[in-house]
Amino acid sequence: DEGLVKIFKDAGALVGSARSTGMFASRRVVFLRDIASLEGDPEPLSAYAASPGSESFLIVRAPKLDRKRKLHKALAEAGLCLVFRAPAGGAEFKALAAEMTAMAKARGVRLEEAAAGLLLDVFGPDLNRIASELDKLAIWLGPEAGQSTPVDAATLRELIAGSEILTGWELADAVTERDAAEAMAAARRLLDSGKEPIVILGGLASRARSLLRAKALTEAGVPLKTVIDGARAWYFKDALAKGLKRYTLAELLDMPARFL
């Protein structure tokens, strides 16, 4: 009701909050974001699950439940437990692409293949951000969006220009493709926007790790498609293909020390 943020360390206090009555609304929803901080006897959770109340809801999010712990076991067995797993291999990328296409169609927006690829490359699995960019496109195109020419990648790039996410993606791609001039330009744009250098470095280290793994696999004779799936590189597969030709394995093995 009030949208308050509290820290619960005891299961009893958590359940007590879920059972309490809101000041401005009859419905009570308590969402526990961090299960790591929760301790105590699991009995209150079991009792709540058995009789939660018609307008009372308790939602607990956990990256993993350790059934060896009584509290975690109670959560796994009480109420309704939903498990979300990412699809294996390229199925995840295909599912996201299909969802994005449906979202664009619902807004009357048509994208060229390269533009659709750019959205997925930059924003990855963040469908909320993709929806926001599609909303911008729909407003920019106007009421006749569906009858207009499909949006190309160059136009899309202009519309999302200045975004830190876009610039970070451009920097990572430039390093992957070994384009020093573009990498320096993108890094300067990020620094000028106030981005912390350690955050920039973390993004580069993540991309370098994928590139090193992919290079090792291709050197071992693994097909490129299998490499892309194994490195989860669906969002930057074109840059990866170029980078694999422009770096030696020795150079990539030297990268971690350079970042350090």
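The values are calculated or read from the model by the stated rules, or taken from the named source; none is laboratory data. Here the structure is a predicted model, which means the values were calculated and not measured. Glycine also receives a Cβ, built like all others from the backbone with ideal geometry; neighbour counts cover every protein chain displayed. Quick note on the areas: whole protein, heavy atoms, side chains included, nothing else; ligands and nucleic acids left out. Shrake-Rupley method; radii C 1.70, N 1.55, O 1.52, S 1.80 Å.
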Pairs, first over 19 Å from Leu171 (Cα atoms) in region 224-237, second open to solvent by 80 Å² or more (accessible area, probe 1.4 Å) and part of a loop (DSSP other than H, G, I, E, B), C-beta under 9 Å, six or more apart: Asp229/Ala88
Go through region 20-51 and give me each residue that's assigned to a loop (DSSP other than H, G, I, E, B) and of a type in the set (A, V, I, L, M, F, W, C). Met23, Phe24, Ala25, Leu38
Inspect region 240-256 for any residue being closer than 20 Å to Phe93 by Cα, without any contact (Cβ under 8 Å) to a residue 60 or more places away in the chain and polar (S, T, N, Q) and give the result as yes or no. no
Look at Lys64 and say whether it is in contact with a Pro (Cβ under 6 Å, 6 or more places away or on another chain) and modelled with pLDDT of 80 or more. no
Quick check on my filter: what residues within region 212-252 are at pLDDT below 85, part of a loop (DSSP other than H, G, I, E, B) and open to solvent by less than 70 Å² (accessible area, probe 1.4 Å)? Ala231, Ala233
Restricting region 121-139 to residues that are of a type in the set (Asp, Glu) and open to solvent by 20 Å² or more (accessible area, probe 1.4 Å), the residue that is modelled with the highest pLDDT: Asp135
Scanning region 52-77 for residues that are in a loop (DSSP other than H, G, I, E, B) and open to solvent by 70 Å² or more (accessible area, probe 1.4 Å) gives Ser54, Glu55, Arg61, Pro63, Lys64, Arg67, Lys68, Arg69
Scanning region 169-196 for residues that are over 22 Å from Leu252 (Cβ atoms) and part of a helix (DSSP H, G or I) gives Ala185, Arg188, Arg189, Leu190, Leu191, Asp192
Go through (1) more than 14 Å from Met100 (Cβ to Cβ); (2) without any contact (Cβ under 8 Å) to a residue 60 or more places away in the chain; (3) surrounded by 18 or more Cβ atoms within 10 Å (Cβ to Cβ) for Asp152 and report which single condition fails. (3)
Scanning for something crowded, with 19+ Cβ neighbours inside 10 Å and modelled with pLDDT under 80, does region 169-179 turn up at least one residue? yes
May I ask you to list pairs of residues, at least six apart or on different chains, whose Cβ atoms are under 6 Å apart, with the first in region 1-14 being closer than 22 Å to Ser26 by Cα and at pLDDT below 75 and the second being among the hydrophobic types (A, V, I, L, M, F, W, C) and open to solvent by 70 Å² or more (accessible area, probe 1.4 Å)? Asp1/Phe24
When only residues in region 78-120 that are over 30 Å from Asp66 (Cβ atoms) and modelled with pLDDT under 75 count, which is least open to solvent (accessible area, probe 1.4 Å)? Gly90
